[in-house]
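For reference, the structure discussed in these notes is given below.
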Amino acid sequence: AIEPYDDENIFAKILRGEIPSSKVYEDDWAYAFSDINPQAKLHVLVIPKGRYVSWDDFSANASAEEIAGFVRAVGTVARSHGLVEPGYRLLANVGAHGGQEVPHLHVHLFGGEPLGPMLA
Ligand code: 5GP
């Protein structure tokens, strides 16, 4: 990664259990929890367990096993919340222009209601 990973970022602390979070899913590759400031009826953050700053870092540097495990976990979370038939939205903000606030890769999962246009 170009950017070094900061072990004191808030999601690293959540992964280590140093800060509480409301867990919705966990496996060997991923941890999912409710966003503290939900932007939809359902707003879950899914993060890889590995130390990756962003989608860019992860896609460039994670192993095929980690990537597959994480991608599958995102789908599992959506499926387990019954979101497949009504539909849902995934979003990953990257860097300054993307508005990324926390430097540990996270995929936002939005659902539970019609979401409207993406850049409203
Ligand atoms: P970003 O802008 O980096 O894509 O999104 C960061 C997200 O993390 C925001 O939606 C914000 O509400 C959420 N968030 C920030 N701090 C915490 C926290 O301590 N706990 C939880 N559950 N979510 C957080």
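Quick note: the coordinates plus some simple rules give every number you see, no bench work behind them. The model shown is predicted, which means the values in this text are computed figures rather than measured ones. For neighbour counting, all protein chains shown are included, and Cβ atoms are generated from backbone atoms with ideal geometry for every residue, glycine included.
Residue by residue, here is whether (1) surrounded by 13 or more Cβ atoms within 10 Å (Cβ to Cβ); (2) within 14 Å of the chain's Cα centre (by Cα) holds:
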{"residue": "Lys13", "(1), (2)": "yes, no"}
{"residue": "Arg16", "(1), (2)": "no, no"}
{"residue": "Phe58", "(1), (2)": "yes, yes"}
{"residue": "Glu65", "(1), (2)": "no, no"}
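If the condition is being in contact with an Asp or Glu (Cβ under 8 Å, 6 or more places away or on another chain) and among the aliphatic types (A, V, I, L, M), then segment 100-120 contributes only Leu105.
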